[in-house]
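Here's the structure, in structure tokens; my notes come after.
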Amino acid sequence: DKTSVNGTMRYFQDLGLNLENAEIFVPLEIVQAPQLAELSKDSFIEGWKTVGADTIPKQKAYVASQLKQLSVDMALFKRVYRHAFVCSKEPNQKALPLENALVYWEMLFTSPGKPWVTGSGSTTNWTNLWIEFLKKKWTKTVNKDMWNQTFEFFQKTMQDDTLSFWSEDGAWPGVIDDFVAYVKQKRGELPDTMETD
Amino acid sequence: MISGRGRGGGKIRPPRRGMIGGDASDFETQWDILCSALREIHTKNASTLSFEQIYRASYKIVLKKQGDKLYDRVKEFEEQWFGTTVMPKIRSLITPNLVNITLGGVTGVTANERRMTGEEFLKGLKVSWEDHITTMNMTTDVLMYMDRVYCTDNRKASIFTTSMGLYRDHILRSQLTGSDLITFDILNSVVLDMISMERDGDVINKAIIRSCIYMLEGLYESDEENESEKLYITTFEPAFLNASREFYKKECATLLRDSDASTWLRQTKRRLTEEETRTQTTISMLTSQKIAKVIEAEMISSHLSEFLAMEGSGIKAMIENDRYEDLTLLYQMITRVDSTKEPLKKALAERVVDLGSEINKTITNTDFSNVAGAAEDGEAAESADKSKAPKQQTAAAKQTAAAIRWVDDVLNLKDKFDKMWKKCMNEDLVLQTALTKSFSDFINQFPRCSEYVSLFIDNNLKGGIKGKTETEIDAVLDKATTLLRYIQDKDMFERYYKKHLARRLLHGKSESADVERQMISRMKLEIGNAFTTKLEGMFKDMTMSEDLTSGYRTHIQNLGDLDRKQIDLGINVLTMNYWPMESMGGSSSRRDDGTQIPCTWPNEIQLLQESFKAFYLKERNGRKLTWLGFLGSADMRCSFPKIPGKEGVLSRERRHEINVPTYGMVILLLFNDLEVGETLSFEEIQSRTNIPNADLARMLHTLAVNPKAKVLTKDPATREMPKPGDKFGFNASFTSKAVKIKAPVMLGAVNRVEGEEERKDTEDRNDEHRGNVIDTVIVRIMKARKTLAHTHLFTEVIGQLATRFKPDVGMMKRRVESLIEREYLERVEGADVSTYAYLA
């Protein structure tokens, strides 16, 4: 009922996918794969049936069309983003190791995913800031709430990169609060109270 | 006061007769009679007149429907009289000086002169008015029939009223020759000038002014005589209020420039009384409130903040120097102008916080120097061991004294403000609320307030209340309760109170069980049941333990097994949940998971323990007893043999009863089995007792280094802290003057201020506990509400915890995140505001 690692990889290559970027997460979401390199038969059939693609060429075409939409259709991107967490953690774990999460974020937040950059001429590269911040200040794993809230935060920043939507009375997880402080300090909006390294 | 007469009353109407037809000559005849009579009346010769004759004349005229003519003639007569006789007299009293004063130029004339001419003028006016009233009363009498019939039928004002109007128009409003002024202007100016003289301290003729004011109160703008149109109100009062406003504006500016706040208060108070008296004696009560408002506006409100801020006399100085009179006045003044008393509230609050922060600062500074000193001593002074222990003690004692002083200082400050509040502020509730908040603010700014307040209570319950009367004790408890009310972090307080109470109870340091209970019932009232159940449990344990001890003693006696060397056992059985085990010491004998490392008890003790356990469990099946070696103490009888070849004390056998901590007993019993001259190494003692190294070293220091109970020898015989490798033996040559000796305990038995590390432990434990409490509260709320917006949830959590502590928002957020991770909660997707849902 399950595919092997090699089988999965070969199948993705057959679909013409680049396994090094966000492309891989698109079919994984369609077939609701429980694991990165493991497809389950039931959800595989169910997934393709729903979109009406029963042959490899059809599936290839469908994936290609979805890929084009990925950075435009936010609902689609959100589904893909969220499923990325589900299939990339160990089945019996509740959280992702930080280093893995950093890789996936980088994959998802660059083309053909939605690049997390704002400002004319892409002056703020949030993906870099986020990764840099976590590498410096975050030592724990990444749980589902943090993963999903990061997406919410990503959406908010895409609309308003001045961060005026943020308030300390808000419900953001602590890690986002800290990140906001980190960004504001970098921008010189906050007095430099932390150690500078 | 004279008012219009001839109005009202029943109407007497004559029968109507057809024959009446007026003819002019008849009218003139009758009018002549009347006219000459009026002249007599006005020249005060009325005594010769016949009332009946005059009355008949007016009666006839009115009867012949010539009332209108008569009415007009009387008016004309009055007008003429005013013009020819009254006004000239008054005019003659209006000197050029008076005109000048009215026009605003007063130079060159002394106050006295002004007063003289003014008084003359007022007198003249008064006389003219009184004459007018008298004559008009008589005129009304003789013209009664006209008033009753003609005026009533034609809705005309009575002749009296009309003549009053004539006085107003022809006397008061008569224009003076050669100027725009009218008599009224002169009147106002003279009266105001006199009042101003009186304000400057001169004596004036109040009665004469009062008479003229009466006149103004009796005259109206129109013949309708509306109460609100009294000339006093329409003309005099505004002028008076304006002049007063100017005057007080100036006076306040002068005070602000030249005087201090105290003078200002007194002067304002004086002025208020003065003006009130003035309305009673000189002008009219009608003005009483209005003039008070003027003073309030000009003297109080306008420069209030400047006076309050005055260096040396403003509110700061008043509070500092307990200037109760000033403060009372200030309170009265501010209450007059502002029912919220905002300026006073603010000033008081600022003072409280300032003075309170000063107390905090002083203590914090003292603390730091001491702690640092003590820590350095402790580390550096291994070799100078002798001085170390006492020094540490004194540092701790000093800190504890400082803690008590902090509480005392806070209480003194509280007393000071309470006294002020009672004495000066009429126990004002608004101000009380403000004061309470300020006290709470600065007390909670002080991180150790909970600990210090508990130490304060500890200090009192340990002996501070010794020899005090019930009332005095009540006062102490009252103070403690007051402070407790201010403390925000009740959970921290509870933690410390339990810790301190435990020590008091276990070391028998509590002065009075009764007072302890009183304190607890006060806390119960103040904070609630949940807070005190554990404390009460601790007391229950103590009582129960007494019963157990005596019960066990009887039980042993009944066994009759008298051969055995009997150990008398006094026991405290403590319920785990009630007692703050983690802060009762013995931390070095606890494993990471919190369970005790049992010490290896000597055989005799084990037998005793078994025997007690059997006794205890007979009626309490299923309970588990753990023996805590780090608590309690033992009395031991030791005998020291005579030493051959020695003189004096050493040549005799010496018996001593030594009180040592339980661990001490465990160690000393090992030496019973030793041969003379044999020693035990530190390691041997450790392995045979299982006492943790730190405790063991401390205990051996007491028994082998400290001279007071040096029943063991140490090799090497230095004053250093015992350490592995040292050897210990029985000190046969121990001497002491006392038969009963209490081995000094280095640390642990005395409640004192926590060191930095200990403090951090306590805070960590408390935070951990708070985290659990917050979890519980969040889950409880969410379970009831199912979904709730972030802000609502937080508000509710803060509200529910308000009586226990003020939760930190960061901590609450972390708890929520953790609950999401543990799948108690989830975030609601796509909600407008951040919302959580409860996962059942």
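The values are calculated or read from the model by the stated rules, or taken from the named source; none is laboratory data. Since this is a predicted model, take the numbers as computed values, not measurements. Cβ placement follows ideal geometry from the backbone for every residue including glycine, while neighbour counts extend to all protein chains displayed.
Using beta carbons and a limit of 7 Å, which pairs, at least six apart or on different chains, have the first residue in segment B:42-55 and under 23 Å from B:Glu79 (Cα atoms) and in the same structural domain as B:Thr85 (by TED's automatic domain parsing) and the second one surrounded by 10 or more Cβ atoms within 10 Å (Cβ to Cβ) and hydroxyl-bearing (Ser, Thr, Tyr)?
What qualifies is B:His42/B:Thr135; B:Tyr55/B:Tyr145.
Report, by residue number, each residue of segment B:779-803 that is without any contact (Cβ under 8 Å) to a residue 40 or more places away in the chain and either in contact with a Gly (Cβ under 9 Å, 6 or more places away or on another chain) or more than 9 Å from chain A (Cβ to nearest Cβ) (or both).
The answer is B:Arg780, B:Ile781, B:Ala784, B:His792, B:Thr795, B:Glu796, B:Val797, B:Ile798, B:Gly799, B:Gln800, B:Leu801, B:Ala802.
State which residue is surrounded by the fewest Cβ atoms within 10 Å (Cβ to Cβ) when the search covers only segment B:191-220 and only residues that are under 15 Å from B:Tyr232 (Cα atoms) and hydrophobic (A, V, I, L, M, F, W, C).
Ranking the candidates gives B:Leu192 first.
Where in segment B:418-534 are there helices (runs of 4 or more DSSP H), lying fully within it, with 3 or more residues that are hydroxyl-bearing (Ser, Thr, Tyr)?
Output list reads B:429-445, B:449-459, B:470-486.
Determine whether segment B:760-775 contains at least one residue that is modelled with pLDDT under 80, of a type outside the set (A, V, I, L, M, F, W, C), surrounded by 15 or more Cβ atoms within 10 Å (Cβ to Cβ) and more than 20 Å from B:Val711 (Cβ to Cβ).
no
Hey, can you tell me all the residues within segment B:299-358 that are assigned to a loop (DSSP other than H, G, I, E, B), acidic (Asp, Glu) and under 18 Å from B:Lys423 (Cβ atoms)?
Within segment B:299-358, B:Asp322 is the sole residue that qualifies.
Taking the condition at pLDDT below 90 and within 14 Å of chain A (Cβ to nearest Cβ), does B:Leu839 pass?
yes
Looking for whichever is modelled with pLDDT of 85 or more and not small (Gly, Ala, Ser) here; the options are B:Val676, B:Val649, B:Val666, B:Val711. Which one fits?
Residue meeting the stated conditions: B:Val666.
Could you list, in sequence order, all residues of segment B:314-326 that are surrounded by 20 or more Cβ atoms within 10 Å (Cβ to Cβ) and either touching a Ser or Thr at 6+ places or on another chain (Cβ under 9 Å) or at pLDDT 90 or above (or both)?
B:Met318, B:Arg323, B:Asp326
Quick one: count up the residues across segment A:1-35 that are of a type in the set (A, V, I, L, M), more than 17 Å from A:Pro112 (Cα to Cα) and surrounded by fewer than 19 Cβ atoms within 10 Å (Cβ to Cβ).
Result for segment A:1-35: 2.
Find the helices (runs of 4 or more DSSP H) located wholly in segment A:1-69 whose residues include 3 or more that are among the hydrophobic types (A, V, I, L, M, F, W, C) and farther than 26 Å from A:Leu102 by Cα, and list them.
A:41-51
Report, ordered by the first and then the second residue, all pairs with beta carbons closer than 9 Å, sequence separation of six or more or different chains, a first member in segment A:1-16 that is in the same structural domain as A:Val63 (by the TED database), and a second member that is surrounded by 12 or more Cβ atoms within 10 Å (Cβ to Cβ) and among the basic types (Lys, Arg).
As it stands, the answer is A:Asp14/A:Lys60; A:Leu15/A:Lys60; A:Gly16/A:Lys60, since those pairs meet every condition given.
Which condition from (1) surrounded by fewer than 19 Cβ atoms within 10 Å (Cβ to Cβ); (2) without any contact (Cβ under 8 Å) to a residue 60 or more places away in the chain; (3) within 14 Å of chain B (Cβ to nearest Cβ) is the one that A:Pro173 breaks?
Unmet for A:Pro173, out of (1) surrounded by fewer than 19 Cβ atoms within 10 Å (Cβ to Cβ); (2) without any contact (Cβ under 8 Å) to a residue 60 or more places away in the chain; (3) within 14 Å of chain B (Cβ to nearest Cβ): (1).
Going by the structure shown, is B:Gly4 out of contact with any His (no Cβ under 9 Å at 6 or more places or on another chain), modelled with pLDDT under 90, small (Gly, Ala, Ser) and closer than 16 Å to B:Thr152 by Cβ?
So B:Gly4 passes the test.
Look at segment B:595-645 and say how many of its residues are more than 24 Å from B:Leu505 (Cβ to Cβ), polar (S, T, N, Q) and surrounded by 13 or more Cβ atoms within 10 Å (Cβ to Cβ).
The qualifying residues number 2.
What residue, of B:Ala57, B:Ala24, is of a type outside the set (Val, Ile, Thr) and modelled with pLDDT of 85 or more?
Selected residue: B:Ala57, the only one of B:Ala57, B:Ala24 that is of a type outside the set (Val, Ile, Thr) and modelled with pLDDT of 85 or more.
This table checks each residue for (1) in contact with a Leu (Cβ under 9 Å, 6 or more places away or on another chain); (2) free of Cβ contacts under 8 Å to residues at least 12 places away in the same chain; (3) more than 14 Å from chain B (Cβ to nearest Cβ); (4) not in a helix (DSSP H, G or I).
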position	(1), (2), (3), (4)
A:Pro91	no, no, yes, yes
A:Tyr104	yes, no, yes, no
A:Pro115	no, no, yes, yes
A:Ile131	yes, no, yes, no
A:Thr150	no, no, no, no
A:Ser164	no, yes, yes, yes
A:Asp169	no, yes, no, yes
A:Gly188	no, yes, yes, yes
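Confirm whether B:Lys806 is among the basic types (Lys, Arg) and away from chain A (no Cβ under 12 Å).
In short, yes.
Yes or no, residue by residue, for (1) charged (D, E, K, R); (2) within 14 Å of the chain's Cα centre (by Cα); (3) in the same structural domain as A:Met158 (by the TED database):
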{"site": "A:Val26", "(1), (2), (3)": "no, yes, no"}
{"site": "A:Ser40", "(1), (2), (3)": "no, no, no"}
{"site": "A:Asp54", "(1), (2), (3)": "yes, no, no"}
{"site": "A:Lys68", "(1), (2), (3)": "yes, no, no"}
{"site": "A:Ser88", "(1), (2), (3)": "no, yes, no"}
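One residue is enough: does segment B:222-230 have a residue meeting the conditions buried (at least 19 other Cβ atoms within 10 Å of the Cβ) and part of a helix (DSSP H, G or I)?
Checking segment B:222-230: not a single residue is buried (at least 19 other Cβ atoms within 10 Å of the Cβ) and part of a helix (DSSP H, G or I).
State all residues of segment B:692-739 that are within 26 Å of B:Arg652 (Cα to Cα) and among the aliphatic types (A, V, I, L, M); if no residue qualifies, say none.
Of everything in segment B:692-739, those that are within 26 Å of B:Arg652 (Cα to Cα) and among the aliphatic types (A, V, I, L, M) turn out to be B:Leu703, B:Ala704, B:Val705, B:Ala709, B:Val711, B:Leu712, B:Ala717, B:Ala732, B:Ala738, B:Val739.
In the list B:Lys89, B:Lys126, which residue meets the criterion of being basic (Lys, Arg) and under 60 Å from the mean Cα position of the chain (by Cα)?
B:Lys126
For B:Leu506, are the conditions met, namely being crowded, with 16+ Cβ neighbours inside 10 Å, over 45 Å from the mean Cα position of the chain (by Cα) and modelled with pLDDT of 80 or more?
Judged against the criteria, B:Leu506 is not a match.
Determine whether segment B:236-247 contains at least one residue that is surrounded by fewer than 16 Cβ atoms within 10 Å (Cβ to Cβ) and within 33 Å of the chain's Cα centre (by Cα).
no
Just to be sure I understand, how many residues within segment B:809-826 are over 28 Å from B:Gly528 (Cα atoms), facing chain A (nearest Cβ under 9 Å) and aliphatic (A, V, I, L, M)?
1
For the list (1) surrounded by fewer than 19 Cβ atoms within 10 Å (Cβ to Cβ); (2) out of contact with any helix residue (DSSP H, G or I) (no Cβ under 7 Å at 6 or more places or on another chain); (3) within 25 Å of B:Glu604 (Cβ to Cβ); (4) at pLDDT 80 or above, I need the number of the one condition that B:Pro716 fails.
(3)
Within segment B:601-646, track down each residue that is of a type in the set (Val, Ile, Thr), within 28 Å of B:Ala732 (Cα to Cα) and at pLDDT 80 or above.
B:Ile605, the sole residue that qualifies.
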